[in-house]
Every structure is written in structure tokens, then in C-alpha cells.
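Visitor: I am attaching a structure below and will ask some questions about it afterwards.
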Amino acid sequence: MNPAHESNADSTELLSLAERWLEGVISADEKQRLEQLLLSDRRRRDQFVQHVQLSAGLHWMFSAANQVANVIDPEPEGESRPAAIIAQRRLGLSNDENFIRGYQRCAAREPHLQAWLQIYPRIRAATCLARGGAAGDEQILGRIVEAFLVDYAPGLTTNELWRLASRSVLEVLGSVPSQLLPQQVLRALCSATFAAAEPAGQLDTIAVCELLDEHVPHKFSPDALRLLYLRYLHGLAPAKVALHLRRPASSVRLQLAALRLDLVQRCLNKDADDQQASDADQLAWRSWNSLLDGEPLSREATSEVHEWIASSPDNATRAILAAIIHDYLGRQLLAVRLLHELGVRNDQSYVQAVEQSLRDIELLATPLGPPAPSARTVSSGPVKLAAALGLAAGLLLSVGLGLWGGKSPTPPGQPATNPPSVAQNDPPAPKPRPSEPPLPPVVAVVSESLGLAPRDSDRIGIGTLLRQGDAIAFDHGIAQISTTTGSTLVLEGPIQATAESSSLIALGRGKLTGLNASRGESLVIQTPHSRVTDLGTEFGVRVTDNQVVSVSVYEGEVELANQGAEDEQASPLAVQLTAGWEAQLDRNAALAPRAVPLTHQREFVRVDEVQLRKEARAGVDAALAAVDFYELLRVDDLIAYQGFDVDSQGTSYTIGFRDPPIRRSGRLSFGPNVGDIAPLRGRSGSLEASDGVSFFLDLDTSERSFLAKANLVDDDGLVGQRPGELWLAWRTQIVGAEGADFDWAGLSLMFGNDRTTDEPLFVGVPAGMNAFGLHVLPSLVDDPMRQAPLDQDPQLDGVQAVVPDNRAHLWVMRLRMDGDQADAAVWCDVPPDLIADTSPQLLKPTEGLRFDRLRLEARPTGGVGAWLFDDITLAASLQGIADVLHRADSRSNDPQASVTGP
Amino acid sequence: MTSSHDNSPPSSLFVQLFAKHQCALNAFISTLAPTRTDVDDIMQETSLALWKKWDQFDVSRDFFRWACGIAHIEVLRHRRKSATDRLWLNDELIQLLSVEMLENTELFDLRRDALEGCVQKLSDVDRAAVELRYQSGMTVDTMAKKLGKTPRTVHRTMSRIRRLLHTCITATLRELSGQSA
């Protein structure tokens, strides 16, 4: 069994048993099983403890009645909503633009968001019913959502929101010509479906989707599995399914109705036969199913259905639930899912049903023509069918149908000698095409692609099949592929790779992340001179142009081994890497690579980030900020960044500083972003310094810090004495009072908190100066000119001082350090890309420079006014500074730039 | 407790430390005992035992570890006289869980902190269900009667909410660790 599935199944069982134990209703056998599971594995015990402690935490939290008021207080507008974000993922609608439009508008209020999660699936279901799956559903949905959003206001009560949804559906669907849903039925349905704001009862769509997730497809009988795949994956009407199965159409319709009823009853927590249905109910249910299958109702049937829905809220619930399930099956019954879930069941009949479903895919795909390597993008068919074709063909051709029957896999290209048995009423297998050479087996399918160039997306679009030996090359963007063994790989452009097999990718150049979820099979990344082998883990591999290989491990363990071509007899140099470690291997390395701790977790685009990027493209603020931050982490030579995220009080989206990220001697206050565009979107603000309060940003100088990696940290954990170059950039702006004066205001480099002894360098408006300038610690430098002003134009005679004003300013400082000697060069308001060709506005030698923290401070002369500090950036090169600051500029030209790909 | 011990730590410190750790101690006991009644009884017995032994406590030691050690003894003592014997986990597991919980106290503290934030993110309806269950102390059956649902539906609702909270807590911690990466 696939370890992931086994783990999921165990996890589900464990949690179920833990629930029963908590409720005190566990049987002796169940308790024994619980103990057995817990004793067998530490991870299970951790899971159990977390689960039980969650319950204990709730007991504790709610045992004090006065806490309840706090819990139910509404949250401030615009606050992040993790509960709703998590819940919406269960619906599987994150690719649905209409859903996202409504989600974004409702985002300011948690009750509205939660209501939207309930409302939108109902809107989809009603549209599905009215249109019978005809083309143009998305436009109709778009019109309904538009109508909803036109009248939407954050001040609406939840009940008003539901009524608005009902009105919008009636208005749009009522005006659609040739729709299947008779007006009277539509009105009755809307009245019942959108009348109540109470979503948690029988029709909680989140719970419905969770239950369907649990059941579909692996809890179906083999017969039902095949029928549903024909109906939903292939979109065949019941009459065509009947033709394909050589069964009477009425029997297919009946079976579909029974299957839907079964799911409806499960969602309602009822047994399929726990309610005695009258003949009228049964007739109405069949008619309702006809409607779901796109068949218009007769006048009599319309009347029966209307009466059935109007007669009981339970019937109305069943009706809309059936439509929600119908819509869900249409969206979720993908071949990829079928294959991913394969490990859950291994009984022979189920395996045969899977095999037959795969044969169906081959058979029914025949009109599209045989897939050929040169025409991998199946643009004429739906995406899911393309993916299905790929995986089906891949499995049939590469491993043969005996895989699940315990037989040896058939070599690629050779027909299976013992085709599996099929049901008697199945159609004959397709005739072989002897004249065509066998295609290489399909080993993977492209499951996501973001930001590829048009020429690349034609070749590597979603659903593209990758056959053994296929090259994967593109210049920019991201492609995610799913292999037939269950692994997922994220490839970042520019990249050159080859799909050698479902478990072996050759990486010539570029970056990829692998998430191995196969059944214990290693996923191998072969680079030109090394081999990365993993088992059940997540890791990233990078091959640079000069063939240096870097490997970062996020979960599990991998082995990085060189395979030196020059001396094949030599034993390979190898290192085992566990989670949280990385290593590099040079082509000519004579020693085994040294493992070092990961500096951060986002060097590579990981599988979860692909989803985040999709959400970012849809404009979800939290996703935008996260993706921007991950991109920022990938800037070469970046050492530290603090953009002053307002929501988290500067504790999130920062790197390179120790905890707490902002130490201070007084009140912490945030202002607006300084400058037009921030490197991180959505949340960025600035630090407001006034009243002489000191704000310290302590640099991370630990072994795994960027500073240590840049070799700038001495044995005392200080920067300044080791030879090297360090660049700093930051933005400032004076606010709060026109023409405010400051005793001093600016940024200091310090090695302690005492300004009289521990502050070797200060940049800003030094004490006693009414201009931008620099100040060095007097005790360290025997220099009468320990203060110096910036000179706007060093080419002119005299000093062209820069007088403080209320505009935003960008500061860049270069520190060149060499033992006890150092110099500081400062530029103000010079774009980073011009700095290399621009003389510094101030160049000051210093002695004894050493520091491990930055201090930000402003003391207004009359106690009025403040300095805003923003985008504090440290980098090992000017290019690093430019890259961070240019991220914002490039986005202003292309808003999608950072979410589509590097 | 005998107050004659000259070197015994001050009572005010006991109050301070106990107040600080009682939530975590309650969680520790809850993991080992099967019902709320058992947990409440053991918590009470443990509090009393801690107070009685307070004069033996070395203030340089970790109070929480010391308290958990005593709680563990009280759990085993309570188990012997418990009427809910069939529900108790076996000794080996109780021992294992106790040790492992102490290895991960920081993580569990973080999870408890995150729980509060996640509860605040629940929908009104889900929060109301949680309040009924945990604040009013209703059993599932009582909740089912009050809400006009089947006990199975209430079980599923509570399971779903707990899963949602669990996911939210994990996501919160992951976000925290990712953001300070």
C-alpha cells in the first residue's frame, strides 16, 4: 500500500478511535486497537496527544464563562481568516474565478466569508441543474456572481446576504433562454435553498465535500466506480453510458439515481433505506435525476417535482444536495484522483474496475486520435481527460495491467500476454494497431503550469503527457508534474530536464523540488555528475550552469552522491542529508560534500507554494504577501530584510534578524509604507520612531545565518572585523509636523545598547547637524571631523548639503571592512542600478567598526514629529540590494511578475 | 504542608507557578485520563499533592516537570480506584505518553496558544456548537436533543470542528515557522 495512503488511513482510524475514547464510547476491541496503534509509532502518539490536548484546551478555555464574550466578539475588518481559508480548500474551488471574486469581496467579514462558502456551491448546483451541463455554464455563473456583487455591501446581515444570493440566482437563471429548470421549480428550489442562513445543519457544504472526499471514489463498488467514471469523467449521457455498457438505459438511469441517493443519505447521516419513500417520492427522485442528467421534464414530471420539493424542507434539501453532489462529481472524478487513491484498496474486483475504467479511457479517446509525442497537448479535449489519457496510457503501456494483479510488469512496448478478465457485458478490447510503433510509456502528466512563455505553455500546458525520454525545457515560470508512481515535482525555469521514468528525472540545469509520495519507491534525480536518491520525502535540487549541485532537504532523508566520470573506479563520495540540512557538490570535488543547516525553507518553489501562487494570482492578499516573501528569500546575496508587517507587528515576513525581531525601549508604532511600492504586498508598513525611543533590530549572526555564510561574522559574533563588503539600504520619511526639527534621527550600527560606547557609526541627521550626514564614535577615531554631511554633488566645489524634508528617501550604504580598517560610503536617493557609476555622496574611513545590531531612533526637538523607517535591507552585494528594491519596481510594470514564476 | 521548614519556598511562589502552569498541567492529565470527571478529580488531587509537597520543592528545578511527575503518580493512583477502568489506556502507554509529552512541552504550549486564535476564527455557528459542548459541558446526546439533531450528526459536527481547529493550529505554527525562516 502506498505509505501516504496507509498513513492517511491509519490517521483517520486513529482520530476516529481517539474521538470515541474522548467521548467515553469506545469498545474494548476499539481500545485495544487504539493502544496497538499508539504503541507502534511515535508519530501516532504525537498525533493522539495533539488531538486530545486540543479537546482539553477547549474545555479549559470555555470553563471560564467570561471568556465567551471575547470569543464571539467580531474581528476587526480586514483581519486574516485562517478558518475560512482552510475551509475553502476543502471545497476544491480555488481555481474557480467566480468563486474567488465573491470570496475576495466577502473577505472583510468572517461571517460573510463563511456564508459565501455555503452559498457558492449552491449557486453552482442551481446553474448546473438549469443548464444540464451545457456549454456556457461559466458565463452564466459569472452573471449570477456579478448580480450578487453589484448589490453586495459589507454591512449586510447574513440573512440579507442569503436573500441576495437567492435574488441573483432567480434573476439570472430566470432570464436564461432554453433552460431545463422550469420556473416554478426554480422558484421553489431557491426559496428552500437560500432561505435559511443556518448552514451547519444538514447542508453544510464543507462537511458535504469532506464526506465526499472520504468516499469518492474508493468506497464505491467496482460496478458503480465504472459507471460514475463514464458519466462524469467522460461526460457521457446515461443513454450513451448504456450503449457503452450494453445495458438498458433505464437500468443505468436507475443505478445513477440510486448512487446519488446513497451519497445524499450519507451526507445527511442516514442509511439509504432508513426512510420509507412513497411511490410519488420515488417518481420525483427519478425525475430529478433526469434533470441532473440534462434531460428535460415533461409537464407531469415538472408538476411532480415541484410538489415534491415544496411539500417538505427535507425533500428540498435532498434536491439541492443531489445537485451539489452532481457538480462535485463532475469536478472531482478525475483519473489522476483515481490513480492517487488506488493504494487505498487492493481487492481484485476494484482493481479490475480500475483497469476497465482505464480501458474505457483508451476506447473513448479513440475519436481524438492516437496520442503522439509531437502532439502532447490535447487541446481539443477537457483538461481532466487529457490527464486521464496520459495516466491511463502510461499505466497500460508501461507497467501492464498485471501490476495490481500481482503479475510481472510487461516490458514497455510489448503487448500484455494475459489481459485481465473483464465483465461479460464489457465491449471488446480495442484492436491493436500493428502498423504503429509502440509509444514510449507515459511517466507523468503536467498538473500545473504558471507563468510559462506562450511557446512553452503550448508544449507544457496542464494535462500534457510526459513519456519516457521526453525533454522538459522552458525559460521561465513553473511547471508541476505528477508521476504515475505518485510523486510530485515542481520545476522552475530556466530548466533542462528529461523524464527518464516515473521515478527518475535527469536534471541538466535548473531547479526542481520533489515530493515523493510513491509506494516506497525511490525518486531519483540524476544530474550530470551526481545522483540524488530519496525515499518518502521533500527536497530541492539545483544544478547551476557550471554544474554545481545543491540539495536542500525539507522532510525525510536523501543521499547525494557524486558519480565522477573521470574516475569511475573511485568509490562515490556521498552524504546523507536529513530534514533541515543542505549540501553542495562540485563537479571536481575530491571530498564528500559537507552538510550544513538550511538557512531558510524556501530556496526552492515547493509543492505547497504552487497552490499559494495560484491564490496570489487571484489576488488573495495573504498569498501575495507570502509569495513575495518567498521570492525575496531567493534573492542572491540577501542577508536580512525587515519590511515592518503591520498585522504581525513586524514579527512576520522578516529574515536575518534574531527574535524578537524588534526590541524597543518604548511604545511600538507603525506608519504607512514609505515609497510608492513595497517589496512585499498587502501587509507592509513602516516603523514610526519618535520621542527618542530606541528600536533595535538584532542581526542573526548564528552559524546558519546569511552573515555567517558570507563569512562576515568573527568569533565574537560581530561584523566589522572580518574582511568583506556589506551593503545596507533603507527608506526614511519625516511625518507628523511641517518643518519639524530633530535633535537627531537615523540608523546606527551598534555592538551594545549604550550610545556613548557601543555605537561606532550613525547615519541620518546627527546631533548638532541640520543636514543628512554621518557620525562616527569619537573614542574610536582620532578625527576632529567625526561628523560629516552628505554632499549631493561631489563634483562641485564645497558641500551641497541635503536638508531634511518630508519626502521619502532611499539610503544605500556600502561598508568595506578589512581588519580594523573600514570605510563607509553613502548614497541618498540614487537608484541602486546607478550607484556603481555614481560617486558616493559621503565616504568616511572608520576604525574599530564592529556591530551586531541596528538601532533606529528619532528625537524631535519640540517633541513633535517622527521618522518612518522602512525596507531595512542588508546584502552581500549591491546587486542583492538592487534585486530586493527592483522587485517592487518590476511588479509595478507587471503585477503578475512574482506570482507566475521567477 | 508544614510551614516549619525554614528553607521552604514562599507560598506566593507556589500560587504564581501553579497559576502559570495549571492549563498545561490540565492538558497533561487530560491526555492520560479517559473522562472529564477523572481529569477533574486528578487535577484536584494533584493540586493538593503539590501543595503538600511544596516545602520539598527545589526552586532551581523546573516546576512543570515536577508537577507532571506528581500528576503522573496521581493518574496511576486514581486509575486503581477508578470506575471507568475499561476506558483507561494501559500502563506502558501512560508511561510513554507522559515521557514524550515532557519532551515536547514547548510545542504543546505553542499549540495551546494557537488554539485560542483559531477558535476566534470559527464561524458563529461552529463557535456556538463548541460553547455548548465545552462551556455548558453538554454531552453529545444532550446537544443532539437540544439542537434537534441525531447524536451521529453532532458527533460529526464536533469532529469536523476539531479537525478544522487542528488544521488551523498546524497551519498557524507552520506559518509562524515559515515567516521566521
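Visitor: Among the residues of segment A:75-84, is any touching a Phe, Trp or Tyr at 6+ places or on another chain (Cβ under 9 Å) and modelled with pLDDT of 55 or more?
Guide: No, segment A:75-84 contains no residue that is touching a Phe, Trp or Tyr at 6+ places or on another chain (Cβ under 9 Å) and modelled with pLDDT of 55 or more.
Visitor: Report, by residue number, each residue of segment B:8-29 that is within 12 Å of chain A (Cβ to nearest Cβ), among the β-branched types (Val, Ile, Thr) and open to solvent by 30 Å² or more (accessible area, probe 1.4 Å).
Guide: Correct list: empty.
Visitor: Shifting gears a bit: Going residue by residue through segment B:93-108, is there one that turns out to be within 10 Å of chain A (Cβ to nearest Cβ), more than 22 Å from A:LEU37 (Cβ to Cβ) and either open to solvent by less than 40 Å² (accessible area, probe 1.4 Å) or in contact (Cβ under 8 Å) with a residue 60 or more places away in the chain (or both)?
Guide: No, every residue in segment B:93-108 fails to be within 10 Å of chain A (Cβ to nearest Cβ), more than 22 Å from A:LEU37 (Cβ to Cβ) and either open to solvent by less than 40 Å² (accessible area, probe 1.4 Å) or in contact (Cβ under 8 Å) with a residue 60 or more places away in the chain (or both).
Visitor: Sticking with this one: Would you pick out the residues in segment A:24-34 that are buried (at least 17 other Cβ atoms within 10 Å of the Cβ) and part of a helix (DSSP H, G or I)?
Guide: Scanning segment A:24-34 gives A:LYS31, A:LEU34.
Visitor: Restricting to segment A:714-732, give me the number of residues that are touching a helix residue (DSSP H, G or I) at 6+ places or on another chain (Cβ under 6 Å) and either open to solvent by 60 Å² or more (accessible area, probe 1.4 Å) or not in a strand (DSSP E or B) (or both).
Guide: Here the count works out to 0.
Visitor: Could you say which residue among A:GLY692, A:GLY650 is assigned to a loop (DSSP other than H, G, I, E, B) and more than 30 Å from the chain's Cα centre (by Cα)?
Guide: Working: A:GLY650 fails: more than 30 Å from the chain's Cα centre (by Cα).
That would be A:GLY692, the only listed residue that is assigned to a loop (DSSP other than H, G, I, E, B) and more than 30 Å from the chain's Cα centre (by Cα).
Visitor: (1) assigned to a helix (DSSP H, G or I); (2) more than 14 Å from chain B (Cβ to nearest Cβ); (3) of a type in the set (Asp, Glu): which one isn't true of A:GLU615, the others all being true?
Guide: Result: A:GLU615 passes all but (2).
Visitor: Restricting attention to segment B:136-150, report how many residues are of a type in the set (Lys, Arg) and more than 8 Å from chain A (Cβ to nearest Cβ).
Guide: Result for segment B:136-150: 2.
Visitor: Can I ask one more? Among the residues of segment A:470-481, which ones are within 20 Å of A:ARG613 (Cα to Cα) and open to solvent by 10 Å² or more (accessible area, probe 1.4 Å)?
Guide: Result: A:ASP475, A:HIS476, A:GLN480.
Visitor: Residues A:THR513, A:THR484: which one is among the β-branched types (Val, Ile, Thr), touching a Ser or Thr at 6+ places or on another chain (Cβ under 8 Å) and surrounded by 23 or more Cβ atoms within 10 Å (Cβ to Cβ)?
Guide: The conditions single out A:THR484.
Visitor: If you go through segment A:179-234, how many residues are in contact with a Ser or Thr (Cβ under 9 Å, 6 or more places away or on another chain), acidic (Asp, Glu) and at pLDDT below 75?
Guide: Of the residues in that region, 1 qualify.
Visitor: Restricting to segment A:58-72, name every residue that is under 32 Å from the mean Cα position of the chain (by Cα), open to solvent by 10 Å² or more (accessible area, probe 1.4 Å) and at pLDDT 50 or above.
Guide: Once the filter is applied, which keeps residues that are under 32 Å from the mean Cα position of the chain (by Cα), open to solvent by 10 Å² or more (accessible area, probe 1.4 Å) and at pLDDT 50 or above, segment A:58-72 yields only A:MET61.
Visitor: Going through B:THR157, B:THR153, B:THR167 one at a time, which residue ends up being part of a helix (DSSP H, G or I), among the polar types (S, T, N, Q), in contact (Cβ under 8 Å) with a residue 24 or more places away in the chain and at the interface with another protein chain (Cβ under 7 Å from one of its Cβ atoms)?
Guide: None of the others qualify; the one that does is B:THR157.
Visitor: Of the residues B:CYS118, B:CYS68, which is of a type outside the set (Gly, Ala, Ser), crowded, with 18+ Cβ neighbours inside 10 Å, away from chain A (no Cβ under 11 Å) and within 16 Å of A:GLN53 (Cα to Cα)?
Guide: From the options B:CYS118, B:CYS68, the qualifying one is B:CYS68.
Visitor: Could you list all residues from segment A:154-174 that are over 29 Å from the mean Cα position of the chain (by Cα) and over 16 Å from A:CYS190 (Cα atoms)? Spell out the reasoning first.
Guide: First pass over segment A:154-174, keeping only residues over 29 Å from the mean Cα position of the chain (by Cα): A:155-174.
A:GLY155, A:LEU156, A:THR157, A:THR158 - these are the residues of segment A:154-174 that are over 29 Å from the mean Cα position of the chain (by Cα) and over 16 Å from A:CYS190 (Cα atoms).
Visitor: Suppose we filter segment A:591-633 for residues that are of a type in the set (A, V, I, L, M), over 23 Å from A:GLU557 (Cα atoms) and surrounded by fewer than 21 Cβ atoms within 10 Å (Cβ to Cβ); how many remain? Break it down stepwise before answering.
Guide: Quick first cut of segment A:591-633, residues of a type in the set (A, V, I, L, M) only: A:591-592, A:595-596, A:598, A:605, A:607, A:610, A:612, A:616, A:618, A:620, A:622-627, A:632-633.
Filter again for over 23 Å from A:GLU557 (Cα atoms), leaving A:612, A:616, A:618, A:620, A:622-627, A:632-633.
This time we only want the ones that are surrounded by fewer than 21 Cβ atoms within 10 Å (Cβ to Cβ), so: A:612, A:618, A:622, A:633.
Matching residues across segment A:591-633 total 4.
Visitor: Shifting gears a bit: Tell me which of these A:SER686 doesn't satisfy, since it passes every other one: (1) surrounded by fewer than 23 Cβ atoms within 10 Å (Cβ to Cβ); (2) modelled with pLDDT of 85 or more.
Guide: It is condition (1) that A:SER686 fails.
Visitor: Would you point out the residue of segment A:42-65, among those that are touching a residue at least 24 places away in the same chain (Cβ under 8 Å) and not β-branched (Val, Ile, Thr), that is farthest from B:THR157 (Cα to Cα)?
Guide: A:ARG44
Visitor: Continuing with this model, one more query. Looking at (1) within 14 Å of chain B (Cβ to nearest Cβ); (2) open to solvent by 20 Å² or more (accessible area, probe 1.4 Å); (3) of a type outside the set (Val, Ile, Thr), find the lone condition where A:SER705 falls short.
Guide: The single condition A:SER705 does not satisfy is (2).
Visitor: Further question: Six or more apart or on different chains, Cβ under 6 Å: which pairs go from a residue in segment B:34-52 that's at pLDDT below 85 to one that's surrounded by fewer than 17 Cβ atoms within 10 Å (Cβ to Cβ)? Could you list them?
Guide: From segment B:34-52, the pairs are B:THR35/A:GLY24; B:THR35/B:THR84; B:TRP51/B:MET1; B:LYS52/B:MET1.
Visitor: Can you tell me how many residues in segment A:711-736 are of a type in the set (Gly, Ala, Ser) and closer than 21 Å to A:GLY675 by Cβ?
Guide: Residues that pass the stated criteria total 2.
Visitor: Now for a different question. Can you pull out every residue in segment B:141-158 that is surrounded by fewer than 18 Cβ atoms within 10 Å (Cβ to Cβ) and not basic (Lys, Arg)?
Guide: B:ASP141, B:THR142, B:LEU147, B:GLY148, B:THR150, B:PRO151
The values are calculated or read from the model by the stated rules, or taken from the named source; none is laboratory data. Since the model is a prediction, treat every value here as computed from it, not as a measurement. Cβ coordinates were reconstructed from backbone atoms using ideal geometry, including for glycine residues, and neighbour counts include every protein chain displayed. Ligands, DNA and RNA are excluded from the accessible area calculation, which covers all protein heavy atoms including side chains. Shrake-Rupley method; radii C 1.70, N 1.55, O 1.52, S 1.80 Å.
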